[in-house]
Amino acid sequence: MTPDSLLLIDRPFDGAVVLTLNRPAAMNALSRALREQLTLAFHDLSREASARVVVLTGSGKAFCAGLDLKELGATPASADLGDGGGLIDAMHSFGGPIIGAINGAAVTGGFELALACDCLIASTSARFADTHARVGVMPGWGLSQKLSRRVGLARAKELSLTGNFIGADRAERWGLVNRVVAPQDLLPEALALARDMLSAMPEMLLAYKRVIDSGYATTLLEGMRLEFDAARAWARTIETGQIGRRAEAVRERGRDQSRALP
């Protein structure tokens, strides 16, 4: 992958893949070509057993400014506004966690791209805005449904019906991002989180994420049933001795982490 590629793909260590949107001069706006490359990358990674956690970020000063408005102005709106679902579906097809490392502005379609990630870590330079109502376009990649589930109904309405920006600190207070770090610490922090996730059992990483997502998409009662069924099915696949051996390693890790806490 050359530095002038629209999408940079790096593999910093086993199991982790970093995807970097690489149109910094255009604030990483999602041109059709970039959307196609990103969609293809997620489809390819979903078939690659060695790719278990993805970190998604942007180059330059922005995470993603949404659809490329210059390109959109030169084509029929329906040709571009309706095809993003394929990108989001491709992200969902990847079974492992996707960590969004939000390095700058995440606006409208870029905001939707961030919400398609499982966890968000933000730089102090990050900011978020949903400008669909101001542009005059109905969101089609999940923002109207996901945002309220992340920050609450009233806050989601405030953001979406005004188009106002919020900064990283407020995004953290509202529960939109997991934490905020200095710009130089953003990628190391995201990779540290990826490494922690990769230290879990490989099969469990996928199965547990699937149970969380499936339950969150339904009612609490149905989610409890899904978890019970998954636990019962999983129990038939493990040996009793394995649990004891793993438990001791987990306890030792817990003691080490507890000693490091402030």
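Every number here is computed from the coordinates shown, using simple stated rules; none is lab data. Values in this document were obtained by computation on a predicted structure and should not be read as measured data. Glycine also receives a Cβ, built like all others from the backbone with ideal geometry; neighbour counts cover every protein chain displayed.
Laid out as a table, the results:
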item: Cα-Cα separations in the range 49-204 greater than 21 Å, expressed as whole percent; result: 45
item: Linear extension gain, T162 paired with N178, 0.36 nm per residue minus alpha-carbon span; result: 3.4 nm
item: Sum of side-chain charges, L45 neighbourhood, beta-carbon under 13 Å (Lys, Arg +1; Asp, Glu -1); result: 0
item: Given (i) 22.2, 66; (ii) 19.3, 63; (iii) 27.2, 92, the label whose value is Rg and Dmax of the Cα atoms in Å derived from this model; result: (ii)
item: Simple label model, 7 Å out from Cα along Cβ direction - R170 to S258, nm; result: 4.0
item: Theoretical FRET efficiency, 1/(1+(r/R0)^6), r = Cβ-Cβ of A25 and R150, R0 51 Å, to 0.05; result: 0.95
item: Simple Cβ-charge dipole of the chain, Lys/Arg +1 and Asp/Glu -1, about Cα centre, in debye nearest 20; result: 620
item: Net lengthening on full extension, L221/E71 (0.36 nm per residue, minus Cα-Cα); result: 49.4 nm
item: Where chymotrypsin sites (Phe, Trp or Tyr not before Pro) fall in DSSP loop in the range 12-63, at most 16 other Cβ within 10 Å; result: F13
item: Gain on full stretching of the segment that runs from R210 to V137 - 0.36 nm per residue minus C-alpha separation; result: 23.1 nm
item: Distance (nanometres) between label positions extended 7 Å along Cα→Cβ at D14 and A230; result: 2.6
item: Helix-only CD estimate at 222 nm, as mean residue ellipticity for the chain, using -39500 (n - 2.57) per DSSP H run (n ≥ 4); result: -15500 deg cm²/dmol
item: Nearest 10 degrees, 0 to 90: helix 202-216 Cα axis against the chain principal axis; result: 60
item: Principal-axis tilt of helix 186-198 within the chain, Cα atoms, nearest 10 degrees; result: 40
